[in-house]
1. Tell me the accessible surface of Tyr36 in square angstrom (1.4 angstrom probe, heavy atoms of protein chains only), to the nearest ten.
2. Which length gain, in nm to one decimal place, applies between Glu9 and Asn104 when the Cα-Cα distance is subtracted from 0.36 nm times their residue separation?
3. With every protein chain left in place, what is the accessible area of Met85 in Å² (1.4 Å probe, nearest 10)?
4. Starting from 0.36 nm per residue, how many nanometres of slack lie between Glu97 and Lys56 once their C-alpha separation is accounted for?
Amino acid sequence: MKDIKTKIENKTSKVFPDGDILGISMENLQGSIICYFDEFVNGTAWLEVQMPDKTKGYFMMNKVDETYVLPIKSSLLKQAGLINMQLRITQGENIEEIPVYKSNIF
């Protein structure tokens, strides 16, 4: 599986992923979701994920240079259907903090 590289425009919060499929059912290869900006937003990045059954979860992303990276979790690959995601950035390491940045849903 290849990485999903996602460009985010700071001013408009528009998201441009280079793919729309995370994987194939029962596939054991796992890439990463990589988010990068036209102007880097520093902080703690969280990928908010809404599953097809409407439950939500948060994954802390790793900061690598001027990108945020999250290895694609096997729990996401087991989901069939539309998964909504949104990048949230907080100043501290607590998801309950008010975000300093939120992308559009992708």
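1. 90
2. My answer for the length gained is 33.2 nm.
3. Here the residue's solvent-accessible area equals roughly 20 Å².
4. Contour length minus the Cα-Cα distance gives 13.1 nm.
The values are calculated or read from the model by the stated rules, or taken from the named source; none is laboratory data. Predicted, not measured: the structure shown is a model, and the values here were computed from it. Remember, those area values only see protein heavy atoms, side chains included, never the ligands or the DNA or RNA. Shrake-Rupley method; radii C 1.70, N 1.55, O 1.52, S 1.80 Å.
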